[in-house]
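A.B. asks: Submitted below is the structure of interest, expressed as structure tokens.
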Amino acid sequence: MIGEGGYQQSMNTLIKKKFHSIVGDDHFRDRPEDLISYSYDAFTVEAAPDLVLLPVSTTQISEILKLASEHRIPVTARGAGSSICGAPVPIHGGIVLSMTMMNKILETNTADRYCIVEPGVINGDLQVELAKTGFFYPPDPGSMAFSTIGGNLAQNAGGPRCLKYGVTSDYVLGMEVVLASGEVIRFGSRNVKDVTGYRLSGLFCGSEGTLGIVTEITLKVLPQPEAYRTVLAVFNNLDDSAATVSDIIGAGILPAALELLDKVLINVVEDANNIGLPRGAEGLLLIEVDGSEEQVEKELALITGKARNNNAVDIQQARTPAEREALWRARRSLYSCMARLKPNCIVEDATVPASKLPEMIRGIRAIINKYGLLAGISAHAGDGNMHPLISCDMRDQEEMERVDKAIEEIFKLAMACNGTLSGEHGIGIAKRKYLSMSIDEPTLNFMHTLKHAVDPHGILNPGKAI
Ligand SMILES: Cc1cc2nc3c(=O)[nH]c(=O)nc-3n(C[C@H](O)[C@H](O)[C@H](O)COP(=O)(O)OP(=O)(O)OC[C@H]3O[C@@H](n4cnc5c(N)ncnc54)[C@H](O)[C@@H]3O)c2cc1C
């Protein structure tokens, strides 16, 4: 039966059997307890699919999509389900296509600087493999220990290192994609330079599984830098830490990472990790530079000079690789630390030009105070990517109304600062209602035209991204 939105309302046994025959018993799930496991991500909306399939090949995915198209069944790809915006939540039911079984690193080629992976490869696993060859893949989302390359691509994920090295789309050389019709297309190549035809990889990066299912990815990799220096700069005033960021970037220095934490986060992270963060501080910068020995020493001297000029009260340098790793582990634990305070944690992602960082931080703090929220501010500060983290309780309607108002004001502030809704987490369900703040009507219409051209029945992850 075709229902609201033109989708199949419930899947009859005959159709389920056809899907079963494509993937086999071990890769087919339809028990309620299994379906619930695929009904959520790290945002707050939940919706269970009718069926979960765990394909192992492009051919299987092609057959699944042909059948789904024929019967108008929604198909939502899923990596690790770590999205923060509801992107992999199947709000129209149908099929969740878990990509986790397609998790092979197919090739690493350091001579030609690329690797080829299946979409279910975990980012951190790829990093470990590449490290053995003296190379690395720069995009390093805080979720790198569990998020997949396919999910990273579909969200165009970033991370601390993206300040210097760029985001996922800067590293995608080629792809294999199964379209809604079941047709398989391949574009790009193993060449670092390639301008043959449209640059379709840019279109698929950040498309949140709404244009096709990515089944193979060719990524550019880089040689590891010779040296690192990692420092913590401690401030008694949050404005001073923000001003330091603007000064560093404004002086043309590009650290590998430049992360900011406010007092709330310094304390929750220290509570959980116990690594000696300065509890009394109002602001903290975690700064890393990389390159040759000569370059890192020079950049470190310039950066610490800027921090001191802005009243840094202490500057501590990681003395060993273990100390450096402990600092980054602590940084990556931010969300889980905040999530300990209340049942829910909402992470926002508004992004502004680096010069607007001090204004944005002051504004966000004022909004948080105005609405009486329990929230901390972190930022991939060097690229103006703000991450206010709001601890809240979805069952408390009055509190959630204040959260909603605060988020809307944060987005308005970002727009007033020439910013954007999302730097790296994407739109999903979470930010769709704010899209018109950032994208005008003709441009949004163009995006819908593209979507309709490649997915005329709208079966691929309906209700997301645009
Ligand atoms: C603790 C924590 C820290 C985080 N830190 C960061 C960060 O620093 N930077 C950042 O950018 N994000 C971060 N995130 C958000 C999230 O981890 C990223 O968006 C990540 O890229 C999602 O990957 P995933 O494998 O979990 O994908 P999922 O959440 O499963 O899916 C995300 C989207 O990708 C689509 N998709 C998945 N696989 C495919 C495929 N093969 N083909 C087509 N579409 C596909 C899905 O349909 C969905 O729309 C963080 C999340 C958490 C929980």
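None of the figures in this text is laboratory data; all of them are computed from the coordinates on show. What you are looking at is a predicted structure, and each value in this text was computed from that prediction instead of being measured. Note that we place each Cβ from the backbone using ideal geometry, even for glycine, and neighbour counts take in every protein chain shown.
A.B. asks: Give me the distance in nm between label points sitting 7 Å out from Cα along the Cα-to-Cβ direction at Thr13 and Thr320, one decimal.
C.D. replies: The modelled label-to-label distance comes out at 6.4 nm.
A.B. asks: Would you mind giving the average projected area, over all directions, of the Cα convex hull of segment 412-466 in nm² with one decimal?
C.D. replies: If I average the Cα hull's projected area over directions, I get 4.2 nm².
A.B. asks: Quick one: order Asp396, Asp239 by neighbouring beta-carbon count within 10 Å, fewest to most.
C.D. replies: Asp396, Asp239
A.B. asks: If you rank Val117, Val195 by fewest surrounding Cβ atoms within 10 Å, what's the result?
C.D. replies: So the ranking, lowest neighbour count to highest, is Val195, Val117.
A.B. asks: Please work out the Cα convex hull volume for segment 292-376 and give it in Å³ per residue.
C.D. replies: Normalising the Cα hull of segment 292-376 by residue number yields 160 Å³.
A.B. asks: I'd like the per residue volume of the convex hull spanned by the Cα atoms of segment 227-416, given in cubic angstrom.
C.D. replies: Output value, Cα hull per residue: 98 Å³.
A.B. asks: Place a point 7 Å from the Cα of Tyr198 along the Cα-to-Cβ direction; which residues of segment 422-466 have their backbone N under 19 Å from it?
C.D. replies: Within reach of a label on Tyr198, which here means backbone N under 19 Å from a point 7 Å along Cα→Cβ, segment 422-466 contributes 442-461, 465-466.
A.B. asks: Also, I was wondering about something else. Lys and Arg at +1, Asp and Glu at -1: add these up for the other residues within a Cβ distance under 11 Å of Thr351 and post the number.
C.D. replies: Computed value for this residue: -3.
A.B. asks: Percent of alpha carbon pairs in segment 360-466 separated by more than 21 Å?
C.D. replies: 45
A.B. asks: Now a separate question. What's the local net charge at Gly142, with K and R +1, D and E -1, over the other residues with C-beta under 9 Å away?
C.D. replies: +1
A.B. asks: Mind jotting down a quarter of the surface of the convex hull over the alpha carbons of segment 364-414, in square nanometres, one decimal?
C.D. replies: Result: a mean projected hull area of 3.4 nm².
A.B. asks: In whole Hz and in residue order, list the ³J(HN,Hα) couplings for segment 391-396 that follow from phi through the Karplus curve 6.51 cos²θ - 1.76 cosθ + 1.60, θ = phi - 60°; x for Gly and Pro.
C.D. replies: 7, 7, 10, 4, 7, 9
A.B. asks: Now for a separate question. Taking neighbour Cβ counts within 10 Å as the exposure measure, how do Val96, Val352, Val221, Val313 sort from fewest upward?
C.D. replies: By the 10 Å Cβ count, ascending: Val313, Val221, Val352, Val96.
A.B. asks: State, in angstrom, two size descriptors of segment 246-322 derived from its alpha carbons: Rg to one decimal place and Dmax to the nearest whole number.
C.D. replies: Rg and Dmax of segment 246-322, Cα atoms, are 13.3, 37 Å.
A.B. asks: If you don't mind, another one. From the phi of every residue in segment 31-45, what ³J(HN,Hα) in whole Hz does the Karplus formula 6.51 cos²θ - 1.76 cosθ + 1.60 yield, where θ is phi - 60° and glycine or proline is x?
C.D. replies: Once rounded to whole Hz, the list reads 6, x, 5, 6, 4, 4, 5, 10, 9, 8, 10, 8, 9, 9, 8.
A.B. asks: Here is a follow-up. Testing the spin-label approximation: label points 7 Å from Cα along Cα→Cβ at Thr133 and Ala272. State their distance in nm.
C.D. replies: Output for this residue pair reads 3.4 nm.
A.B. asks: Using only the alpha carbons of segment 4-100, determine the length spanned along each of the three principal axes and report them from longest to shortest in whole angstroms.
C.D. replies: Principal axes ranked by extent give 33, 30, 23 Å for the Cα atoms.
A.B. asks: Which value, in nm² and rounded to one decimal, describes the direction-averaged projected area of the C-alpha convex hull of segment 88-134?
C.D. replies: Mean projected area for segment 88-134: 4.1 nm², to one decimal.
A.B. asks: With runs of 4+ DSSP H residues as the only contributors, calculate the mean residue ellipticity of the chain at 222 nm using -39,500 (n - 2.57) per run, divided by the residue total and rounded to the nearest 500.
C.D. replies: Calculated at 222 nm, the ellipticity per residue is -10500 deg cm²/dmol.
A.B. asks: Which of the lysines could a cross-linker span from Lys17 if the Cα-Cα distance has to be under 27 Å and same-chain partners fewer than 8 positions apart are dropped?
C.D. replies: Lys66
A.B. asks: What's the angle, to the nearest 10 degrees (0 to 90), between helix 357-370's Cα axis and the longest principal axis of the chain?
C.D. replies: So the inclination is approximately 80 degrees.
A.B. asks: If the chain between Met400 and Met447 were fully stretched, how many nm would it gain, using 0.36 nm times the residue separation less the Cα-Cα distance?
C.D. replies: 13.8 nm
A.B. asks: Express the C-alpha Rg of the chain as a ratio against the empirical globular expectation 2.2 N^0.38 Å, rounded to two decimals.
C.D. replies: 0.99
A.B. asks: I would also like to ask the following. Can you give the local net charge around Gly305? Use residues other than it whose beta-carbon is closer than 12 angstrom to its beta-carbon, Lys and Arg +1, Asp and Glu -1.
C.D. replies: Residues near Gly305 contribute +1 overall.
A.B. asks: Still on this model: Run down the lysines and flag those whose C-alpha is under 23 Å from the C-alpha of Lys193, throwing out any fewer than 8 positions away in its chain.
C.D. replies: Correct list for Lys193: Lys164, Lys220.
A.B. asks: Show me, for segment 372-378, the HN-Hα J-couplings you get by feeding each phi into the Karplus relation (A = 6.51, B = -1.76, C = 1.60, θ = phi - 60°), rounded to Hz, glycine and proline as x.
C.D. replies: Once rounded to whole Hz, the list reads x, 9, 8, 8, x, 10, 10.
A.B. asks: Can you tell me, using C-alpha contacts under 8 Å and at least 6 residues apart, the relative contact order of the chain as a whole percent?
C.D. replies: 15
A.B. asks: Ignoring solvent entirely, what values of log10 I(q)/I(0) come out of the Debye formula for segment 105-223 at 0.13, 0.22 Å⁻¹ when each Cα is a single scatterer?
C.D. replies: Ignoring solvent entirely, the Cα scatterers give -0.44, -1.33.
A.B. asks: Still on this structure, I have one more. Can you give me the angle between helix 293-309 and the longest principal axis of the chain, using Cα atoms only, in degrees from 0 to 90, rounded to the nearest 10?
C.D. replies: Helix 293-309 sits roughly 70 degrees off the main axis of the chain.
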